[in-house]
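What follows is calculated from the coordinates using simple rules that are stated; it is not laboratory data. The model shown is predicted, which means the values in this text are computed figures rather than measured ones. Methodologically, a virtual Cβ is constructed for each residue, glycine included, from the backbone with ideal geometry; neighbour enumeration extends over all protein chains shown.
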Amino acid sequence: MNVYSHIKEIVAISLEYLAASDRLPHGLDATAVTVEPPRDPAHGDLATNAAMVLAKQARMNPRELGGLLAETVAGHDDVESAEVAGPGFVNLRLSPSFWRARVAEILRTGADYGASTMGAGRAVNVEYVSANPTGPMHVGHGRGAVVGDALASLLAKAGFEVVREYYINDAGAQVETLARSLHLRYREALGEEIGAVPEGLYPGEYLVPVARLIAAEDGDKWRDAAEDVWLESFRARAVDAMMALIREDLAALGVEHSVFTSERALAAAGAIDDVVTGLEARDLVYTGTLEPPKGKPPPDDWEARPQLLFRATQFGDDVDRPLRKSDGSWTYFASDIAYHLDKYRRGFATMVDVWGADHKGYVKRMQAAVKAVSNGEAALDVRLCNLVNLSEAGEPVKMSKRSGNFVTLRDVIDEVGRDAVRFIMLTRNNEALLDFDLKKVTEQSRDNPVFYVQYAHARICSVLRNAAEAFPGLELDDSSLANADLAILGDESELAMIKLLAGWPRAVESAAEAFEPHRIAFFLTDLAASFHGFWNRGNDDESLRFIVAGDADTTRSRVALARAVALVIASGLTVMGVKPVEEMR
């Protein structure tokens, strides 16, 4: 149950009752009515703006309308009190029995608690990582991978039909540079002294095993051949090898994509020509000369000559955008339009792309393009992931020899583990800079959010084991715990913990609606803090311990609460792609 939706329904029923009894006009438009947490928790559990948003329609003073609503809502079994506050807010306190019933609901629902039908099965395409296949993934790629993967899981839990996609940028100058870099390593594998890797080529050692394989299979066939003879073969082999490397890195991070789409394959199938022809037919392209940007360096696709331009300004962009380069080839933008049209034609009216922050200037044009090619029927949301500052005990981490110029994602996973990487990547909004200290994320302290949340789950697993030993005949499975005497849970800290638990369905929906999976990490950290806080009180007061010697009923009720906390933590960690551990080692 989403508590907020449930109370909103009670408010709606109360408004209908007031209209039926002629104390309110019939037919009031209640679409703007909300139920939210009050600004000050001391004012109650929830608050509704119904009286304020309906007062003008009803031709009543908001506080007067609020008084009628409060009186009616307070008569519901789930509501303990309702009071009018400020300009007309109605603050509600729900009954302790209502809150305790949520524990039993969680135990009966299990891992599905918090799942929502909000998405109603609507198709969403989440494209993330999409790193150029020119080498191993770095830590920045890892952040985008985790954000995209967790977002996909979050949307699935909220009821959307999600497809996880990787766009392979296997066309253009970068992969040709990769092919030349591989050919250099191939010559080295044949025994040639290559010296320092020339400026402009990829210096990492990840191409060495690929080059040795080519040398073993083909001998010196390509050594003295002209570039136009070997370039295509080396490009294809290099891309295949790098994508295999990227897939391995993603697997180590627990990331799997269901769809891989090749830029080169789309172009070969005529997708770019097709999309440009379609735009021309609608008079959305023209030949013109763009003014250079004022006060900053011109972008890569700007040229001081007439170009084929897309009318991006008609769809919200700042300037029109080039589609063709001076050498006659298509711009990256033209390729990306074709790719997003392909996604739309595959049934995705909602698309989410996860990009690096350096692509911020590219967002408006792509959103404009998606509007244009879908006739306004599709929407593109872009999640930008900012930089990751990698350090160890406060000192910057040096580059990896394997990559040549950066620390690889795989190095970090091997150092601290997949769970730590995934959790830390979600501890801040994706647009904020992220400090990742390799030493801190392995500490067993409250300052390490990964440990803090996983420790809460492990502690609860320990509670269940110890309770079974202390009370051998006590039934502690979830179904039996749901029938415990939950009225025993009367301490303010216990009720506060239950209220946090009951907020999980709303947390899922609000995070999914905002496309912000980091909210799940925030929620779990708060829940873990509530649990650890109550645990610590039990250290000082034996009557507040989860296992109370000689008192099977209290123990069973407290274990029920603890198990409900564990289920919600496990549910949240699963969305984040982090394993809920049963023991800390």
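Taking the Cβ of each residue in Arg321, Arg346 as the centre, tally the other Cβ atoms inside 10 Å and list the residues starting with the fewest.
On the way: Arg321 28, Arg346 13.
Neighbour counts put them in this order, fewest first: Arg346, Arg321.
Listing Val575, Val259 from the residue with the fewest other Cβ atoms within 10 Å to the one with the most, what is the order? Write down the numbers at each step before the final one.
On the way: Val575 28, Val259 13.
Going from sparsest to densest Cβ surroundings: Val259, Val575.
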Response to the item:
Given GluC sites (Glu not before Pro), DSSP loops and at most 13 other Cβ atoms within 10 Å, the longest exposed-site-free stretch of the chain is 1-191
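Rank the residues Leu266, Leu567, Leu201 as a footprinting-exposure proxy: fewest other Cβ atoms within 10 Å of their Cβ go first.
Numbers: Leu266 21, Leu567 24, Leu201 16.
The fewest-first ordering by Cβ neighbours comes to Leu201, Leu266, Leu567.
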Practice prompt. Could you state, as a whole-number percent, how many of the C-alpha pairs of the range 269-355 are farther apart than 21 Å?
Written response: 34
Worksheet entry | Point-charge dipole on Cβ atoms (K/R +1, D/E -1) for the chain, about Cα centre, debye to 20 | 500
Item to complete: Go through (i) 1.01; (ii) 1.18; (iii) 1.23 and flag the label whose value is the computed Cα Rg over 2.2 N^0.38 Å for this structure.
Response: (ii)
Worksheet, complete the sentence: Of the residues Gly172, Gln367, Val259, the Cα lying farthest along the dipole of the chain towards its positive end, which is defined by charges on the beta carbon of Lys, Arg, Asp and Glu, belongs to Gln367
Worksheet item: Where the only charges are on Cβ atoms (+1 Lys, Arg; -1 Asp, Glu), what is the dipole of the range 449-576 about its Cα centre, to the nearest 20 debye?
Response: 320
Item to complete: Filter the cross-link list Lys157/Lys360; Lys157/Lys343; Lys325/Lys371; Lys343/Lys364; Lys296/Lys360; Lys398/Lys439 down to pairs whose alpha-carbon distance in this structure exceeds 20 Å.
Response: Lys157/Lys360; Lys157/Lys343; Lys325/Lys371
Practice prompt. Run the quick spin-label model on Ala252 and Glu492: label points 7 Å from Cα toward the beta carbon, then report their separation in nm to one decimal.
Written response: 5.0
Worksheet item: Considering only the chain, what is the antiparallel percent among its DSSP beta bridges, to the nearest 5?
Response: 45
Worksheet, complete the sentence: With the charge dipole of the range 3-94 built from beta-carbon charges (+1 for Lys and Arg, -1 for Asp and Glu) about the Cα centre, the Cα from Ser81, Ala58, Pro38 projecting farthest to the positive end belongs to Ala58
